[in-house]
Amino acid sequence: MAESPVYHLQRDGQQYGPYTLEELRQYLREGTVLGTDFVWADGMPEWRPGAHVLQGDDGGVSSLLPHPDI
């Protein structure tokens, strides 16, 4: 069985983690993690905005991400 990747979070120059993807999604729903926070896991070439990382098969989490005002 493959081990689940662990994710790290970066906000304002500070790094936090490790977290599971499920934990990050829960924190996003609670507002603790923001779509603008950067997320990285082993195997990712670079830090990416959490909104991009968490938009995959997220069970609707992407609908909770802040949308820019137009």
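The values are calculated or read from the model by the stated rules, or taken from the named source; none is laboratory data. Just so it is clear, the model here is predicted, and its values are computed rather than measured. Reconstructed Cβ throughout: ideal geometry from the backbone, glycine too, with neighbour counts over all protein chains shown. All accessible areas refer to the heavy atoms of the entire protein, side chains included, with ligands and DNA or RNA removed. Shrake-Rupley method; radii C 1.70, N 1.55, O 1.52, S 1.80 Å.
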Quiz item: If the chain between L34 and R48 were fully stretched, how many nm would it gain, using 0.36 nm times the residue separation less the Cα-Cα distance?
Solution: 3.8 nm
Quiz prompt | Accessible surface of H8 - all protein chains present, 1.4 Å probe, nearest 10 Å² | solution = 50 Å²
Quiz prompt | GluC sites (Glu not before Pro) lying in DSSP loop within the stretch 1-44, provided at most 10 other Cβ fall within 10 Å | solution = E3
